[in-house]
Amino acid sequence: MIILSDTVEKIGQYAFYNMATLESIDIPASVTSISSGAFQFCDILKSVTIPASSVLESLGSNAFGTCKALES
């Protein structure tokens, strides 16, 4: 699991692209945007948690594209 700081506001384009070991990630409530392809081809990514208090405003195209194992 990767832990992002509560000060992170943007997850950039292809930030975690093709990260073969990423199984789960908690997106901090402070994140306002997740760019295109940020998690694309993370084949074993199973779980993405975004809190109810999130201020997420934009989700880029294919941000989670080809995440074959994504369940929740």
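The values are calculated or read from the model by the stated rules, or taken from the named source; none is laboratory data. What you see is a predicted model, and the numbers here were worked out from it, not measured in a lab. Glycine gets a Cβ as well: all are built from the backbone with ideal geometry, and neighbour counts include every protein chain shown. Calculation scope for accessible area: heavy atoms of the full protein, side chains included, ligands and nucleic acids excluded. Shrake-Rupley method; radii C 1.70, N 1.55, O 1.52, S 1.80 Å.
Do you know which of the residues in region 8-33 that are open to solvent by 40 Å² or more (accessible area, probe 1.4 Å) and outside any loop (DSSP other than H, G, I, E, B) is nearest to N62 (Cα to Cα)? Out of the qualifying residues, it is K10. Taken as a whole, the structure leaves A38 outside the set of residues that are open to solvent by 60 Å² or more (accessible area, probe 1.4 Å), modelled with pLDDT of 95 or more and of a type in the set (A, V, I, L, M, F, W, C).
Close contacts from region 32-61, counting a first residue that is on the phi < 0 side of the Ramachandran plot and a second that is in a strand (DSSP E or B) and charged (D, E, K, R), with Cβ to Cβ under 6 Å and a gap of 6+ residues or different chains, come to S33/K10; T49/D26. Residues of region 47-62 that are surrounded by 14 or more Cβ atoms within 10 Å (Cβ to Cβ) and closer than 16 Å to I2 by Cα: V48, I50.
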